[in-house]
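The values are calculated or read from the model by the stated rules, or taken from the named source; none is laboratory data. Every value quoted in this text rests on a predicted model; they were computed, and no experiment measured them. When we count neighbours, we look across all protein chains shown, and the Cβ atoms used for this are built from the backbone with ideal geometry, even at glycine. For accessibility, only protein heavy atoms count, side chains too; no ligands or nucleic acids. Shrake-Rupley method; radii C 1.70, N 1.55, O 1.52, S 1.80 Å.
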Amino acid sequence: MYKLHTWLPEGGNEPDSLDQFDNLEKHTQWGIEFVERYNKFVKDRTEIEISYAKQLRNLSKKYQPKKNSREEEEQRYTSCQAFLAILNEMNDYAGQHEVIAENMSGLIFAELSRYIQELKQERKLHFQEGRRAQQHIESCWKQLENSKRRFERDCKEAERAQQHFEKMDNDLNVTKADVEKARQQAHTRHHMASESKTEYSNVLQNFNKEQHEHYYTNIPNIFQRIQDLDERRIVKIGESMKTFSEVDRQVIPIIGKCLDEITKAAESIDEKHDTQLVIEAFKSGFEQPGDVEFEDFSQPMKRTVSESSLSNSRSDGKQESKGGKSKGKLWPFIKKNKGSGPEDFSNLPPEQRRKKLQQKIDEINKEIQKESDQKDGLMKMKDAYIKNPQLGRPETVDPKLAEIEQTIEKLRQESQKFEAWLAEVEGRLPVRTDQPRRPSEMHELQSTAVNNCAQDRESSPDGSYTEEQNQDPELKVAAQCEFDDEFDDEEVLAAIGTCKAMYPFEGQNEGTIAMAEGETLSVIEEDKGDGWTRVRRNEDEEGYVPTSYVEVYLDRNTKGAMTYI
């Protein structure tokens, strides 16, 4: 208990406890200001955490690989993948600092702000009660002083009246009436003094009782409540400081996991894998050249160049001589032509040409799928117009459908052209099987075979590459154009998942299969980027359906727990 109260000094002066209330008031006010200062510190720390998290997120976003750029292609390398993993972990790391800021704001700052208001209100009530008690005892003291002074005055007046009466009574010249009057006056004064004495005695007893209650009960209770308030303030600030530590400690395990993942990403870097990717990306497909034969110019003989030399033409084996010098194509050492190059990429080495052609075919197939999806949407719109004429006129859709059909046909012809060049590079021919063809391939097969048979290009003067024509042209064309009518038995493909039809599909084209809305089919081959998925019904009927028409659910043991919609 704050035992700061003082007692009445000897001599009966006014009690002096106001100074102790002033001291306590200053101390408790300082305590509240200290809590406010600490709370401001927590708020500033919260703002720092928020700013730090924001800067980390911006940093991670800044270094993320940009789409459709070289940086996206670089993600094939394990070192780039590790760096991307670090960027993602830094994003999660920033999230933990946001958690720190959120918890500090909610568990400390908001809680202390509420507590400070309660503390101020409670402190105000205690000191108001103390002042009322002080004012009450001061009022009792003043009442005692007034009663005491009145009793003293009445006693003096009674003494003077008594002396006057005795004087009049001893004076022989004073009449009996004057003496009686003086006696009555003295009696009245004595009676007033007696009443003042009684009043003073009662007031004194009451004051002593109030004073005892004030100093032994009221003031100690008020001081005790102020002490409890101050102790609770100290405990609260201690708990807040402990929470300040715990907020950080709670996210340490998650931050540790982020750092572990960064370490794991660094350890996943495989230098052999990365260098092999470089080899695969830039290999030319040329055979290594043989030794260069010695040309003896000292003898009058026909000078030739070794067929195994780098100077030997890889396309037709022809040599052109001028002034005794052969003009061969030195592939590894020639300078690439500037500009876009031929459309068939024949200026590139075989392996690079194959990759470029395949990339071009994939791009065209994506465009075909895009146009097909748009066509399907227009067809649905037309059907809706037919069923509900109030929505619009069906014939308004026909010009756009015709335009899309022309675009798809042009893209298919373009795809057939690049397929033919790719078949030439890979030395393959289309093979007829009883397996249903993808709809995107149905229009390509025949023209691909014809183009493969018809094309017999030679190397261009600028060093463009074509395959060696070692075969007799007639035999080669006959071999390439001859189709085997006997179909090889094909192993039945196992289902890799299921799919559910979101829309009905008529399946009128060759290689497709009809399905009803809501029907469930088995998936035996995924969408390879051309917008078609191969499915089976009842183990004996299979074909292709548009991928955009179904929800595909692949089995976990085949492609992982993935769902394509």
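Quick notes
- Distant-in-sequence amide contacts of Ile524, defined by a placed amide H-H separation under 5 Å and a gap of 5 or more residues or a different chain, comprise Ile496, Arg534, Val535, Arg536.
- Residue pairs, from the table Lys67/Lys410; Lys120/Lys236; Lys40/Lys124, whose Cα atoms sit over 19 Å apart: Lys67/Lys410; Lys40/Lys124
- What separates the Cα centres of segment 175-217 and segment 97-146 is a distance of 45 Å.
- Exposure of Val35 as accessible area (Å², to 10), given a probe of 1.4 Å and all protein chains: 0 Å²
- The residues packed around Gly507, meaning those with a beta-carbon under 12 Å from its beta-carbon, carry a net charge of -4 if Lys and Arg are +1 and Asp and Glu are -1.
- For segment 159-173, 3J(HN,Hα) computed residue by residue from phi via the Karplus equation (6.51, -1.76, 1.60; θ = phi - 60°) reads 5, 5, 5, 5, 5, 5, 4, 4, 5, 5, 5, 8, 8, 6, 7 Hz, glycine and proline entered as x.
- Cβ-based net charge around Lys43, under 12 Å, with every Lys or Arg adding one and every Asp or Glu removing one: -1
- Sequence-ordered 3J(HN,Hα) estimates for segment 77-82 from the Karplus curve with 6.51, -1.76 and 1.60 and θ = phi - 60° stand at 7, 5, 5, 5, 5, 5 Hz, glycine and proline given as x.
- Cα centroid separation - segment 378-430 against segment 220-254, whole Å: 73 Å
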